[in-house]
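The values are calculated or read from the model by the stated rules, or taken from the named source; none is laboratory data. Predicted model, so just to flag it, every value in this text is computed and none were measured. All Cβ positions, even for glycine, are placed from backbone atoms using ideal geometry, and neighbour counts span all protein chains on display. The protein model used for the area step is the full one, side chains on, heavy atoms only, and it has no ligands, DNA or RNA in it. Shrake-Rupley method; radii C 1.70, N 1.55, O 1.52, S 1.80 Å.
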Amino acid sequence: MKKFIILLLLCISALTSMAQVPNFGTTVGDQKLYGYSSLKYRAKANSWETYSTLQYGISNYMQIGADLYTATDDAFIGYTVRAGYKFSNYFKLGAQITPSFDLNDHHKFSYLTSGIYMNGNITRNGKLFWVTDTWLENNKKKLTSAKQWTYLGYTFSLPGNSNTITPMGGVIHSWKFDQDPDLSFGAYYTHKNISLYVWTNDILTSQPRFVAAVEFAFSNK
């Protein structure tokens, strides 16, 4: 009953404050196909965004792929290389680099996104865990964004051995120290190799953003 109450409170806080969905340090695995697709809405701005990516594991420690980002008047395609390694259950480290190109301007280079991902267990059973994501964005001339996302999460088992729900909450801050820190909350439900996300960020701003997403990973072996 205590776990159920905690789960209920965390889910309510995530949905009523209704993002950056967290990225973990390891990769999808050798010869596995990874996919993620999201729809994002920014309140009071009448702004809709989509982001989708397909990536393929070329080893247990690396995957490559492409992504597509669209907004009201924008469309960008990116080409991704991602690597990751599990040092232990308490520390996993990954990195990603994605140059993106403007589909509305003859595939012209637009910006470069880099990510550093770290996560690990806090408890021995792995249900309580931490995640940090560092996101850097450069255009042709300068670093335009440098943000840190730090989360705590807890995984609750549901009836059926392959069903779980994981609420998470965290803080966002800029390494450029050019804006106030903010909050991000969300949860994801997992059934076997498929996860469904609801997320929100920019909660303390006048235009919070809400995200619904689906994620999957399948083996080609």
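For region 127-198 and region 47-109, write down the distance between their C-alpha centroids in whole Å.
16 Å
Which label belongs to the value computed from this structure, given these candidates for Cα extents along the principal axes in Å: (i) 52, 35, 35; (ii) 91, 67, 29; (iii) 56, 46, 28?
(iii)
Under a crude label model (7 Å from the Cα following the beta-carbon direction), how far is Arg124 from Trp48 in nanometres?
Calculated label separation equals 5.0 nm.
Which value, in Å² rounded to 10, gives the accessible area of Met118 with a 1.4 Å probe and all protein chains present?
60 Å²
With a 1.4 Å probe and all protein chains kept in place, how much accessible area does Asp182 have, in Å² rounded to the nearest 10?
The accessible area comes out at roughly 10 Å².
Report, in listed order, any pair from Lys32/Lys127; Lys92/Lys140; Lys40/Lys176; Lys108/Lys192 with a Cα-Cα distance greater than 29 Å.
Lys92/Lys140; Lys108/Lys192
Kindly provide the helix-only [θ] at 222 nm of the chain, computed as the sum of -39,500 (n - 2.57) over DSSP H runs of four or more divided by all residues, to the nearest 500 deg cm²/dmol?
Roughly -2500 deg cm²/dmol at 222 nm, from the helical runs in the chain.
Let me check something: with ligands and nucleic acids excluded, how do Ile194, Ile77 order by accessible area (1.4 Å probe), largest to smallest?
Per-residue accessible area, sorted high to low, gives Ile194, Ile77.
With every protein chain kept in place and ligands, DNA and RNA left out, what is the accessible area per residue of region 40-155? Probe 1.4 Å, answer in Å². Walk me through the intermediate numbers first.
On the way: 6350 Å² over 116 residues.
For region 40-155, the per-residue accessible area is 55 Å².
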